[in-house]
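Take a look at the structure below.
Quick note: the coordinates plus some simple rules give every number you see, no bench work behind them. What you are looking at is a predicted structure, and each value in this text was computed from that prediction instead of being measured. Reconstructed Cβ throughout: ideal geometry from the backbone, glycine too, with neighbour counts over all protein chains shown.
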Amino acid sequence: MQVLGPSMLPTLNITGDVVLVEHLSHRIGKLGSGDLVLVRSPLDPNKTLTKRIVAMEGDRVTFSLDPTRSFSSRSLVVPKGHVWIQGDNLYVSRDSRHFGPLPYGLIEGKVFMRVSTANSIAFGFVHKNKLKYICWN
């Protein structure tokens, strides 16, 4: 799947990055905070989003709709059967801060590899908050 948009910068480029997604982990309960996931948008079912899980069901999450105003933060406990997702670029991402906890059923898969073609071909293996790269010029 090709990634478009700035919501996951700097982890994923605005255009050109391709992510490979596996469709088993979310079905067998093998997702956790820090994982990148492909999800069906709760606001537009025809759209898919790539975001990071920042909290699982039962976790307390504190967030701000406007990252420039930390004093306006809110907290909540993620309900059963849901996760909290956010883009890495908080200034432009539309995510759980806007539509609330995401039902687990909207998760389509877990990103396990990024292929970037910006200046050279680079394969990035994704594990939690770490990308390990293999590059060719």
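Here are some notes:
- Once both labels are positioned 7 Å from their Cα atoms along Cα-to-Cβ, the gap between residue 69 and residue 41 label points is 2.5 nm.
- Nearest-0.05 FRET efficiency for residue 57 and residue 14, computed from C-beta distance (R0 25 Å): 0.20
- Between residue 48 and residue 23, full extension at 0.36 nm per residue minus the direct alpha carbon distance yields a gain of 7.6 nm.
- Loop-resident trypsin sites (Lys or Arg not before Pro) (DSSP state other than H, G, I, E or B) in segment 1-63 with no more than 15 further Cβ atoms inside 10 Å of their Cβ: 27, 30, 47.
- Sequence-distant residues sharing a close amide H with residue 113 (under 5 Å, placed H): 20, 126
- For segment 40-45, Karplus couplings with θ = phi - 60° (6.51, -1.76, 1.60), whole Hz, Gly/Pro x: 7, 5, x, 8, 9, x
- Summed residue charge, Cβ within 15 Å of residue 41's Cβ, Lys/Arg positive, Asp/Glu negative: +2
- Formal net charge of residues neighbouring residue 98 (Cβ-Cβ distance under 12 Å; K, R +1; D, E -1): +1
- For residue 83, the amide hydrogen comes within under 5 Å of the amide hydrogens of 102, 104, counting only partners 5 or more places away or on other chains and with H modelled in the peptide plane.
- Among the chymotrypsin sites (Phe, Trp or Tyr not before Pro) found in segment 59-117, those both in a DSSP coil and sparsely packed, with 12 or fewer other Cβ atoms within 10 Å of their Cβ, are 91.
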